[in-house]
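The values are calculated or read from the model by the stated rules, or taken from the named source; none is laboratory data. Note that the coordinates shown come from a computational prediction; the quantities given were computed from them, not determined experimentally. Glycine also receives a Cβ, built like all others from the backbone with ideal geometry; neighbour counts cover every protein chain displayed.
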């Protein structure tokens, strides 16, 4: 029987680093027996698995969804179909097909029997509806960074902010996986993009990726804290400010981004990467360190400030996801969007991969590559 490997989380860490150093364990993992597949199941040989910000929060139970323990994390993966159950339609899904996983149907962010079977392993079993064919133009590394990253800005811009052609959007944390995807989606929708980040080198790549303007939000010489980048934003918009903010960062950056909005502007909250202590570690939950925004600015500028709970809303109403998936797959198949993946590591080097993501070295996505097996 073929032996693979899996990265197992047996308990929640006090924080991400505790889980990485002391809890995650790389274990032997024999290939599941093909004859024991349920009629609707497929066996995937994983080639690439994303290391996302959400995955890292899950290590300590600080994400709103807590998978059952022990489990294999890795919200998104891509690979090759190695075997199918007896009821799987071979015209839709067959041995040898290149596929990517659907994070709402299988893996740690899903509900049900496959929640503990994520991508940080050599093999995964998924329900047939839990995988999609990988567009021919995408690599395995790109495929495991497609759905979560692009569905997030699609929902934020179309379902929440109702971004219109010709408007200007400010994207914070633009060199992250969601930020890079947001640039592409905003441009496809006909918007102008101002992108922020803390590294000139990364911002050069962000601009090459489609941003119209970039702003470095690192402290300026002889200054402390976040600079008043609202002034730069207003200079770039003839004094108006932007119509929409897509905020992934939280904290002081969020507040300055809010001040960059014009009157009646719309702010969409994606996350608060600057504040990983919103919830307690060790799976204890609670929200004692909530991110905060100034209500006086909202009032005086007549702002619309809204959350963008793409996954939660899709769980509650799956119908809203149908046009979103159709658009993302069509854009990808037409070559109109391509996930950026700057770092890839063998599965055995998971610590290096995770610390690269935590430290901010990654531009776009970061992936783990299990050694491929063929049955």
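For the reader, a short list of remarks on this structure follows.
- Any chance residue 146 is more than 13 Å from residue 364 (Cβ to Cβ) and in contact (Cβ under 8 Å) with a residue 24 or more places away in the chain: no
- The strands (runs of 3 or more DSSP E) falling completely within region 290-375 that include 3 or more residues that are surrounded by 17 or more Cβ atoms within 10 Å (Cβ to Cβ) map to 341-346, 365-369.
- Meets criteria (under 18 Å from residue 45 (Cα atoms), in contact with a strand residue (DSSP E or B) (Cβ under 6 Å, 6 or more places away or on another chain) and surrounded by fewer than 24 Cβ atoms within 10 Å (Cβ to Cβ)) for residue 128: yes
- Residue, surrounded by the most Cβ atoms within 10 Å (Cβ to Cβ), within region 217-246, restricted to residues that are without any contact (Cβ under 8 Å) to a residue 60 or more places away in the chain and under 25 Å from residue 343 (Cα atoms): 217
- Strands (runs of 3 or more DSSP E) within region 79-179 that include 2 or more residues within 25 Å of residue 233 (Cβ to Cβ): 168-171
- Check on residue 257, modelled with pLDDT of 90 or more, part of a loop (DSSP other than H, G, I, E, B) and closer than 26 Å to residue 56 by Cβ: no
- Filtered by the rule that a residue be touching a strand residue (DSSP E or B) at 6+ places or on another chain (Cβ under 6 Å) and over 30 Å from residue 358 (Cα atoms), region 219-236 gives a lone residue, 236.
- Test result for residue 214, touching a residue at least 12 places away in the same chain (Cβ under 8 Å), within 25 Å of residue 54 (Cβ to Cβ) and in contact with a strand residue (DSSP E or B) (Cβ under 7 Å, 6 or more places away or on another chain): no
- Checked against (1) part of a helix (DSSP H, G or I); (2) in contact with a strand residue (DSSP E or B) (Cβ under 9 Å, 6 or more places away or on another chain), residue 56 meets all criteria but (2).
- Pick from region 12-33, criterion assigned to a strand (DSSP E or B) and out of contact with any helix residue (DSSP H, G or I) (no Cβ under 9 Å at 6 or more places or on another chain), ranking: surrounded by the most Cβ atoms within 10 Å (Cβ to Cβ): 29
- Taking the criterion of being touching a residue at least 12 places away in the same chain (Cβ under 8 Å) and outside any strand (DSSP E or B), the residues of region 34-53 that qualify are 34, 37, 38, 39, 40, 51, 52, 53.
- One residue stands out among those in region 268-289 that are out of contact with any helix residue (DSSP H, G or I) (no Cβ under 6 Å at 6 or more places or on another chain) and in a strand (DSSP E or B): the one that is modelled with the highest pLDDT, which is 269.
- Residue in region 191-209 that is over 23 Å from the mean Cα position of the chain (by Cα) and part of a loop (DSSP other than H, G, I, E, B) present: no
- Members of region 1-27 that are within 21 Å of residue 373 (Cα to Cα) and modelled with pLDDT under 95: 1, 2, 3, 4
- Breaking point among (1) modelled with pLDDT of 90 or more; (2) in contact with a strand residue (DSSP E or B) (Cβ under 9 Å, 6 or more places away or on another chain), for residue 250: (1)
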